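Asker: One structure coming up, written as structure tokens, with questions to follow.
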Amino acid sequence: MPTSEVILVITAAPERTERLLGAAGRLAALTGGARIITFPVPLAEMAAAERVAAGIDVGATIRAQGRRADLIVMARPEADDDVATRQAFRAALFQTERPLLVVPPVGPVDSFGHRVAIAWRDDTRAVKAVLPALRLLAGAQVVQVITGQRPGTIVPGLPAVLAEHEVNATLHPLDLGAEPFGQVLLRETRALEADLLVMGAFAHTQIRELLLGGTTRYVLEHAELPVLMRH
């Protein structure tokens with residue numbers, strides 16, 4: 001009996017649910033008809049102390065649920081998110097070992113995948129982010145690879161993983177300077193008119209709640225297009 005992939009939509013604020021489902025529907029279309037299921041953040045309305053007293057571990061719950069899915073969809077973090085929602089997002093990104101589609105609060109979310117930008121650095125996390133995106137790239141009209149370059153260094157080549165999977169892409173090396181790379185990256189995605197950004201997610205220490213990598217943090221705070229991330 002054939003099986004389909006599962007897209008897990010983690011919901012918190014009801015006003016964001018429609019956008020999340022729209023993004024999940026587009027993701028399902030790009031991946032060949034994956035099944036969409038929704039899962040609310042456990043007792044997001046309950047105070048943290050009450051959740052602890054009740055023995056509810058939001059991170060562990062999301063980790064277990066997320067690992068049973070193939071792809072996860074969540075809203076971009078906002079400053080007014082409650083503690084449970086923030087815990088759920090961090091668990092989805094850093095503990096499930098699944099790609100996470102981060103949905104922005106504004107802009108179209110049901111038509112992405114035509115013009116894809118990939119934030120590339122030559123390491124394991126970037127490869128892990130690109131691999132699940134390969135199916136999305138198959139139908140893309142344009143694939144742009146954005147990479148940082150130190151002054152005076154050799155211009156890097158296109159990622160081998162794209163060539164091995166016969167993905168036609170164009171390289172866009174950006175000079176690394178004093179300006180935060182996340183800011184440069186998002187400005188370049190706008191200039192390229194990208195409708196989806198693919199990138200690895202980084203944290204400097206195990207205390208991921210506090211020390212997200214600079215580029216990861218900037219993109220999560222400012223991206224206005226869907227971002228497919230994987231740690």
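Asker: For H222 paired with V161, estimate the spin-label separation in nm (one decimal), with each label point 7 Å from Cα along the Cα-to-Cβ line.
Answerer: The answer from the label model is 2.5 nm.
Asker: Give me, ordered by chain and number, the residues 5 or more places off A75 or on other chains with an amide H under 5 Å from its own placed amide H.
Answerer: Amide H to amide H, under 5 Å and 5 or more residues apart or across chains, A75 pairs with V103.
Asker: Can you sort I154, I118 so the residue with the fewest Cβ neighbours within 10 Å comes first? The partial results should precede the final answer.
Answerer: Working: I154 8, I118 28.
By the 10 Å Cβ count, ascending, the order reads I154, I118.
Asker: Order these by the 10 Å Cβ neighbour count, fewest first: R125, R26, R190.
Answerer: Ascending Cβ contact count within 10 Å gives the list R190, R125, R26.
Asker: Right, next: Per DSSP H run of n ≥ 4, the term is -39500 (n - 2.57); total these for the chain, divide by its residue number, and report the mean residue ellipticity at 222 nm rounded to 500 deg cm²/dmol. Display every interim value, and only then the final one.
Answerer: On the way: 8 runs with 83 residues, N = 231.
After summing the helix terms and dividing by the residues of the chain, the value is -10500 deg cm²/dmol.
Asker: Restricting attention to segment 127-207, which GluC sites (Glu not before Pro) occupy a DSSP loop and are surrounded by at most 11 other Cβ atoms within 10 Å? Display every interim value, and only then the final one.
Answerer: Numbers: sites: E164, E166, E188, E193; in loops: E166, E193.
Here the sparse-neighbourhood loop sites are E166.
Asker: What helices does the chain hold that run 27 Å or longer along their axis, going by alpha-carbon atoms, with a Kyte-Doolittle average of -1.0 or more, using DSSP H for the helix calls?
Answerer: Numbers: long enough: none.
The qualifying helices: there are none.
Asker: Which order do V143, V155 fall in if you start with the one that has the fewest other Cβ atoms within 10 Å? List each step's numbers first, then the result.
Answerer: Numbers: V143 21, V155 8.
By the 10 Å Cβ count, ascending, the order reads V155, V143.
Asker: Sticking with the crude label model, points 7 Å out along Cα→Cβ, report the distance from A191 to T38 in nm, one decimal please.
Answerer: 4.0 nm
Asker: Normalising by the residue count of segment 115-230, find the relative contact order in percent from Cα pairs under 8 Å and 6+ residues apart.
Answerer: About 33 percent, as a whole number.
Asker: Additional query: By its C-alpha gyration tensor, with a ≥ b ≥ c as the square roots of the eigenvalues, how is segment 115-230 shaped: rounded for a/c under 1.5, else prolate for a/b larger than b/c, else oblate? Present the calculation step by step, with values, prior to reporting the outcome.
Answerer: Details: a/c = 1.42, a/b = 1.26, b/c = 1.13.
Taking the square roots of the gyration eigenvalues as a ≥ b ≥ c, segment 115-230 is rounded.
Asker: Still on this structure: Antiparallel DSSP bridges in the chain: what percent, to the nearest 5? Before the final figure, lay out the partial values.
Answerer: Values: 4 of 36 bridges.
Given both bridge residues lie in the chain, the antiparallel proportion sits at roughly 10 percent.
No lab work stands behind these numbers, since they all come straight from the coordinates. None of these values were measured; they are calculated from a predicted model. Counting neighbours? That spans all protein chains shown, and the Cβs are built from the backbone with ideal geometry, glycine included.
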